[in-house]
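Colleague: Before anything else, here's the structure in question.
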Amino acid sequence: MRKSIPALRLLRGTAFSLMLLVFVLMTVLPFAFMISSSFKGSEAIRTLPIRWIPERPTLEGYERVFNMQGFSFARSSLNSLFLAVLCTLTAVLSASMAAFVFAKLPFRGSGKLFGVYLATMMIPGTVTMVPNYIILRILGLLDTYTGLILPSLANAFGVFLMRQSMMGVSDAYLESAYLDGASLYRIFFRIVLPMVRPTLATMILLSFMGSWNSYLWPLIVLTSGDKQTLQVVLGNMNGMYKNNEHVLMAGAVLTILPILAVYLVSQRFVDQGISLGGLKT
């Protein structure tokens, strides 16, 4: 009986490792196929069995991406980067300030108000798109970057994440700073934010990814061709190059590069930030 226990543990460990390997392959293989296909010609991409290493690598797909007719890939990339940075700054700053109030400046009814605010997380974003669109039309903010950025001010998940992390900051630091004459502005930016840096980095990463990958909202709000974001242009490419998959793959590769860069910079904070934001009470 005792001899069967190590064998059973070995069997479970092997099964678990195989399961993880399957999940890893399911995640990595599509990206490997995308990168490989972006360096192939239009015919080589349809060759079966799949050739993961192109026999004749070519940059034709990337050249056609930057020479599209009717759309500027470079301009749309700059638009997306500009909007992603502004939306991230807006979302992170507003969520951090609201979280600071809920966590360290309690007022009458703050708990109930926070509960109501969290309840908005249960409302799908597509449900609020029509009311938001009507409001922007009344304010005359359609086809403007301002109208695209304004919804970033309301971020219930960001407030929850930052509040949970800020509640782990000892009140003694804030009381000492207040007794030394520090203002709330100084306490917030000089003491609280540096102490929740991992969660702040996680919030920045999640906000940037959400803004960069946004497709439906920019498609609805923006109508001018010179203001289109990268995701909208990439969607239009599906109709323009539906028989040239290598061009679509090249555009997809270029689209994920900024996300990878931001993730590599903030990755060491992400796990710690999520654990702090989720476990501190």
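The values are calculated or read from the model by the stated rules, or taken from the named source; none is laboratory data. These figures come from a predicted structure and were not determined experimentally. Using ideal geometry, Cβ is built from the backbone for each residue, glycine included, and neighbour counts are taken over all protein chains shown.
Colleague: Do you know which residues across the range 102-147 are hydroxyl-bearing (Ser, Thr, Tyr) and within 30 Å of GLU175 (Cα to Cα)? Lay out the reasoning, then the answer.
Modeller: If we filter the range 102-147 for residues that are hydroxyl-bearing (Ser, Thr, Tyr), which is where we start, we get 110, 117, 120, 126, 128, 133, 144-146.
Those that are hydroxyl-bearing (Ser, Thr, Tyr) and within 30 Å of GLU175 (Cα to Cα): SER110, TYR117.
Colleague: Determine whether the range 51-72 contains at least one residue that is free of Cβ contacts under 8 Å to residues at least 40 places away in the same chain, closer than 30 Å to TYR178 by Cα and surrounded by 13 or more Cβ atoms within 10 Å (Cβ to Cβ).
Modeller: No: zero hits.
Colleague: Moving on. Please go through (1) crowded, with 18+ Cβ neighbours inside 10 Å; (2) modelled with pLDDT of 90 or more for GLN164 and return the number of the only condition it doesn't satisfy.
Modeller: (2)
Colleague: Looking at (1) under 30 Å from MET68 (Cα atoms); (2) touching a Leu at 6+ places or on another chain (Cβ under 7 Å), can you tell me which one ASN243 breaks?
Modeller: Among (1) under 30 Å from MET68 (Cα atoms); (2) touching a Leu at 6+ places or on another chain (Cβ under 7 Å), ASN243 violates only (2).
Colleague: Exactly one of these conditions fails for LYS40: (1) farther than 30 Å from VAL159 by Cα; (2) modelled with pLDDT of 85 or more; (3) in contact with a Pro (Cβ under 8 Å, 6 or more places away or on another chain). Give me its number.
Modeller: It fails just one condition, (2).
Colleague: For the range 130-188, which positions are among the β-branched types (Val, Ile, Thr) and assigned to a helix (DSSP H, G or I)?
Modeller: Taking the range 130-188 first, the residues among the β-branched types (Val, Ile, Thr) are 130, 134-135, 138, 144, 146, 149, 159, 169, 187.
The answer is VAL130, ILE134, ILE135, ILE138, THR146, ILE149, VAL159, ILE187.
Colleague: Considering only the range 77-98, I want to know if a residue exists there that is in the same structural domain as ILE256 (by TED's automatic domain parsing), at pLDDT 85 or above and not in a helix (DSSP H, G or I). Explain how you work it out, then say what you get.
Modeller: To start, the set of residues in the range 77-98 that are in the same structural domain as ILE256 (by TED's automatic domain parsing) comprises 77-98.
Those still in the list that are at pLDDT 85 or above too: 77-98.
Now drop any that are not not in a helix (DSSP H, G or I), which leaves none.
There is no residue in the range 77-98 that is in the same structural domain as ILE256 (by TED's automatic domain parsing), at pLDDT 85 or above and not in a helix (DSSP H, G or I).
Colleague: So, in the range 215-239, of the ones that are within 21 Å of SER36 (Cα to Cα) and more than 20 Å from the chain's Cα centre (by Cα), which residue ends up modelled with the highest pLDDT?
Modeller: That would be MET237.
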